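A.B. asks: First, the structure itself, so that you have it in front of you.
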Amino acid sequence: MGRVRNFISFDLEFWYDSEFIKDKKKASEENDLIVESVNRIKRILNAHNTKATFFVTGKIMEKYPNIIKDLSQNGHEIASHGYSHTMLNELGRDDFEKEMELSREMIKKITGENPRGFRAPSWSISKDEFWAYKILDNLGFKYSSSLFPVNMGLYGSSKFPVLPFKPLENSNLIEIPISPFEVANTRIPFSGGVYFRILPKKLISFFMKKMNERGKSVFLYLHPWEFCPEIPKVKTSLVGKITTYYGVKNNEKKLDYILSNFDFCPFKTIFLSDKNL
C-alpha cells in the first residue's frame with residue numbers, strides 16, 4: 001500500500017456553516033470551537049507525523065490568523081475554501097471572483113505563499129458552475145477539489161469523473177474529485193464528512209485497501225468541528241441532526257485508526273508525481 005499515495009484534507013469552517021443549520025444567527029452566538037477543534041486535529045496529525053491540507057474560509061482567517069499561520073509554519077498546506085462559505089450558485093460569477101481574490105490575498109498575507117488549491121463550499125460546483133474553473137485559473141490556482149461524484153441531492157452528480165482531470169483546455173488546472181468506492185456500477189461515498197462518521201472503521205479501511213490495490217489514491221476530507229462532541233445543539237432537520245451530530249464522539253478514534261494503517265500527505269504533493277492517480 002505504500003506505493004499509492006493517499007491525501008488528507010480538512011475544511012476549516014465554522015460548525016454552523018453547514019447548509020443544514022437553520023438558525024445560523026443563534027448558532028453563531030455559541031462557542032465556535034475553532035481553537036479546540038484545531039488543537040485536536042493537530043494532536044492527531046502530530047501523533048502520526050502526518051501533514052494535511054486545510055481548506056480555510058476567509059472568515060476563519062480574519063478571526064484566527066495566528067492559527068492559520070501556525071498550521072502553515074508547521075508544514076500543513078493552506079488552501080482556499082472561499083471567503084463566506086456561500087454556495088457558488090448563490091454567489092454568481094462576479095461575487096465568486098471577488099471572494100477568491102480576497103481569499104488569495106489573505107492566504108498570501110498570512111503564509112507568505114500564494115495558495116495552490118480551492119474547495120467549493122458544500123461541493124457547490126455543479127455542471128452549471130464550471131465557469132468557476134476559468135476564474136480559478138486566471139487567479140493562479142493549480143487545483144480544485146470541489147466535485148462530489150455521487151448524487152446526494154444538495155450536491156454532487158454520479159456523472160462526474162472519479163479520477164483527477166483537467167476541466168479546462170490549454171490549462172494545467174486539475175480538478176480532484178472526492179473518492180467514492182465503486183462496486184457493481186455503484187458509487188459509495190465513504191472518505192469524509194458524515195459518511196466517514198457513519199461507516200465502521202474497518203469498512204472504511206477495507207474500501208481504502210481495495211482502492212489502493214487497484215492503484216487508486218483516496219482523497220480524505222474532514223472538518224475539525226467533527227471532532228468536538230460538545231457542539232451546541234441547535235434547531236435543524238432530521239437530516240441536519242445526522243449530518244451535524246452523528247458519530248462525532250467516536251470520530252477521533254476512527255481517524256487515529258485510519259492514520260495508523262495508511263499513509264497520507266497534503267493535496268499539494270499531487271504535483272510531485274501523478275503516476276499513481
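A.B. asks: Would you mind stating whether Phe141 is in contact (Cβ under 8 Å) with a residue 12 or more places away in the chain, more than 30 Å from Val248 (Cβ to Cβ) and part of a loop (DSSP other than H, G, I, E, B)? Break it down stepwise before answering.
C.D. replies: Working: in contact (Cβ under 8 Å) with a residue 12 or more places away in the chain: yes; more than 30 Å from Val248 (Cβ to Cβ): yes; part of a loop (DSSP other than H, G, I, E, B): yes.
When the stated conditions are applied, Phe141 passes them.
A.B. asks: Another question, then. Would you say Lys233 is modelled with pLDDT of 95 or more, more than 17 Å from Asp11 (Cβ to Cβ), surrounded by fewer than 14 Cβ atoms within 10 Å (Cβ to Cβ) and not hydrophobic (A, V, I, L, M, F, W, C)?
C.D. replies: no
A.B. asks: Which of the following residues is in contact with a Phe, Trp or Tyr (Cβ under 9 Å, 6 or more places away or on another chain) and over 27 Å from Asp128 (Cβ atoms): Lys249, Lys209?
C.D. replies: On the way: Lys249 fails: in contact with a Phe, Trp or Tyr (Cβ under 9 Å, 6 or more places away or on another chain).
Answer to the selection: Lys209.
A.B. asks: Being surrounded by fewer than 22 Cβ atoms within 10 Å (Cβ to Cβ) and over 18 Å from the mean Cα position of the chain (by Cα) is the filter here; which residues of the range 100-112 pass it? Before you say what the answer is, go through the steps one by one.
C.D. replies: Going residue by residue through the range 100-112, those that are surrounded by fewer than 22 Cβ atoms within 10 Å (Cβ to Cβ) are 101-102, 104-105, 108-112.
Within the range 100-112, Glu101, Leu102, Glu105, Lys108, Lys109, Ile110, Thr111, Gly112 meet the criteria.
A.B. asks: Where residues in the range 117-138 are more than 14 Å from the chain's Cα centre (by Cα) and part of a loop (DSSP other than H, G, I, E, B), which of them is modelled with the lowest pLDDT? Don't jump to the end; show me each part of the working.
C.D. replies: To start, the set of residues in the range 117-138 that are more than 14 Å from the chain's Cα centre (by Cα) comprises 126-138.
Subset that is part of a loop (DSSP other than H, G, I, E, B): 126, 130.
Values: Ser126: 88, Phe130: 94.
Checking each candidate, the answer is Ser126.
Matching residues to (1) under 19 Å from Pro232 (Cβ atoms); (2) among the β-branched types (Val, Ile, Thr); (3) modelled with pLDDT under 95; (4) part of a helix (DSSP H, G or I):
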site	(1), (2), (3), (4)
Met1	no, no, yes, no
Ile8	no, yes, no, no
Met61	no, no, no, yes
Ala79	no, no, no, no
Glu90	no, no, yes, yes
Arg93	no, no, no, yes
Glu97	no, no, no, yes
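Yes/no per residue for (1) of a type outside the set (S, T, N, Q); (2) surrounded by fewer than 20 Cβ atoms within 10 Å (Cβ to Cβ); (3) farther than 20 Å from Thr53 by Cα:
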site	(1), (2), (3)
Pro121	yes, no, no
Ile125	yes, no, no
Asp128	yes, yes, yes
Gly140	yes, yes, no
Ser146	no, no, no
Met152	yes, yes, yes
Lys159	yes, yes, yes
Asn170	no, yes, yes
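The values are calculated or read from the model by the stated rules, or taken from the named source; none is laboratory data. These numbers come from a predicted model, not from an experiment. Don't worry about glycine lacking a Cβ; one is built from the backbone with ideal geometry, like all the others, and counts go over all protein chains shown.
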